[in-house]
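Since the structure comes first, as structure tokens, the remarks are kept for the end.
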Amino acid sequence: MKHLLKMADLSDREILSVLNLADQLKYEQKHNIAHRVLEGKTLGMIFQKSSTRTRVSFEVGMYQLGGSALFLSSADLQIGRGEPVCDTARVLSRYLDGIMIRTFAQSEVEDLAKYGSIPVINGLTDYAHPCQVLADLMTIREHKGAFDSLKFCYVGDGNNMANSLIVGCLKVGMSVSIACPDGYRPDAGVLAFAERYGDKFRLTSSPEEAAADADAVYTDVWASMGQEKEAEIRRKAFKGYCVDEALMKNAKSDAMVLHCLPAHRGEEISASVIEAHPEIFDEAENRLHAQKAVLVKLLGQ
Ligand code: CP
Ligand code: NVA
């Protein structure tokens, strides 16, 4: 594992290895066992979009591992004034030990990895959010014990979360049902990947069908960062796609609910469902542990 650009780049075994290390680091942190294995290492964090969880968990994670993190707003970097990614990548590689980037185009993240000589971590693009999915998988295994025979359901926009969840959940062995309105489906390449899993993958426009007997129900905002102007159109297109108590009646009685956050209560999820499912906040916490595992794998040694 040289970079973390998208879930498809990780083998099934690499995903499980990150999750096992994340569990170990979480245990060590809870028992005050120091793990300063990245002493002297620096992570640069480029942000072209807002963030609460990603920024804070990476910064705290580097600190707990004995290293340090630099917050680099793209508005203040020359990249924001048009300096090409290929130059930025080569320059930052001379100062840093790793780069985390949150931006719009997946190609920008791929170029950073191509031209730089240090590990690159995708902290969210319009196409993918692999760090979030590693934390989601960690949370599901923590609550359910194993992935085998679980049914994972995603209701909502076929966005970066849907793209990454489909790949990650199928790779660890869950069956996956996705409910999206026509016109808001996941990436065609991701759907082609999913088709290889046969009956284990289902795409429908019915949230009730997708949620039937699910062990975990996931949703995300209807308008992602950068789509604010489409919010009104999207609110109409996603009518009926709210994860509320009525929809949850279709899932198993002990089904988990997951949301990457931030959530828009009353749109993709009801306030009562969020409050009834505190595992959403375990999921947010696990961003820290899963990313520390990624940092150790990529920046360690
Ligand atoms: N889930 C997530 O990535 O949150 P932030 O946008 O706050 O980083
Ligand atoms: N789909 C959302 C995820 C936020 C963590 C977005 O891209 O804004």
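Restricting attention to the range 80-107, which residues are surrounded by fewer than 20 Cβ atoms within 10 Å (Cβ to Cβ), without any contact (Cβ under 8 Å) to a residue 60 or more places away in the chain and within 16 Å of ligand 2 (Cβ to nearest atom)? Result: Ala105, single match. Annotation note: of Ala263, Ala284, the sole residue that is closer than 27 Å to Val18 by Cβ, in contact with a strand residue (DSSP E or B) (Cβ under 6 Å, 6 or more places away or on another chain) and surrounded by 13 or more Cβ atoms within 10 Å (Cβ to Cβ) is Ala263. Would you check if Ser206 is open to solvent by 10 Å² or more (accessible area, probe 1.4 Å), modelled with pLDDT of 95 or more, touching a Lys or Arg at 6+ places or on another chain (Cβ under 7 Å) and polar (S, T, N, Q)? Criteria not met by Ser206. Annotation: Tyr27 fulfils all but one of (1) surrounded by fewer than 17 Cβ atoms within 10 Å (Cβ to Cβ); (2) in a loop (DSSP other than H, G, I, E, B); the unmet one is (2). Within the range 112-124, residues that are touching a residue at least 40 places away in the same chain (Cβ under 8 Å) reach partners that are in a loop (DSSP other than H, G, I, E, B) and among the hydrophobic types (A, V, I, L, M, F, W, C) with beta carbons closer than 7 Å, at six or more positions or on different chains, in the pairs Ala113/Leu5; Val120/Leu5; Asn122/Leu5; Asn122/Ala128.
Here Val190 meets each of (1) more than 18 Å from Val243 (Cβ to Cβ); (2) open to solvent by 10 Å² or more (accessible area, probe 1.4 Å) with one exception, condition (2). Contact map, the range 246-262: first residue of a type in the set (S, T, N, Q), second residue assigned to a helix (DSSP H, G or I) and away from ligand 1 (no atom under 16 Å from the Cβ), Cβ cut-off under 6 Å, separation 6 or more or different chains; pairs are Asn250/Glu208; Asn250/Ala211. Listed by position, the helices (runs of 4 or more DSSP H) inside the range 226-301 whose residues that are within 28 Å of Thr103 (Cα to Cα) and in contact with a helix residue (DSSP H, G or I) (Cβ under 9 Å, 6 or more places away or on another chain) number at least 3 are 279-299.
Taken as a whole, the structure leaves Phe201 outside the set of residues that are within 19 Å of the chain's Cα centre (by Cα) and either polar (S, T, N, Q) or modelled with pLDDT of 95 or more (or both).
Beta carbons closer than 7 Å, at least 6 apart along the sequence or on distinct chains, pair a first residue in the range 143-159 that is free of Cβ contacts under 8 Å to residues at least 60 places away in the same chain with a second that is open to solvent by 10 Å² or more (accessible area, probe 1.4 Å) and assigned to a helix (DSSP H, G or I) for Phe147/Arg141.
Could you figure out which of (1) over 23 Å from Phe281 (Cβ atoms); (2) open to solvent by less than 70 Å² (accessible area, probe 1.4 Å); (3) charged (D, E, K, R); (4) touching a residue at least 60 places away in the same chain (Cβ under 8 Å) isn't true of Asp136? It fails just one condition, (1). Looking across the range 108-133 at every residue that is within 16 Å of ligand 1 (Cβ to nearest atom) and hydroxyl-bearing (Ser, Thr, Tyr), the one that is least open to solvent (accessible area, probe 1.4 Å) is identified as Thr125. Report, by residue number, each residue of the range 49-66 that is outside any helix (DSSP H, G or I) and within 12 Å of ligand 2 (Cβ to nearest atom). Listed by number, the residues that qualify are Lys49, Ser50, Ser51, Thr52.
Considered as a group, the residues in the range 46-60 that are closer than 15 Å to Ile121 by Cα and away from ligand 1 (no atom under 11 Å from the Cβ) include one that is surrounded by the fewest Cβ atoms within 10 Å (Cβ to Cβ), and that residue is Glu59. Selection of the range 217-265 for residues being among the hydroxyl-bearing types (Ser, Thr, Tyr) and more than 12 Å from ligand 2 (Cβ to nearest atom) yields Tyr241, Ser253.
The values are calculated or read from the model by the stated rules, or taken from the named source; none is laboratory data. Note that this is a predicted model, so its numbers are computed, not measured. When we count neighbours, we look across all protein chains shown, and the Cβ atoms used for this are built from the backbone with ideal geometry, even at glycine. Ligands, DNA and RNA are excluded from the accessible area calculation, which covers all protein heavy atoms including side chains. Shrake-Rupley method; radii C 1.70, N 1.55, O 1.52, S 1.80 Å.
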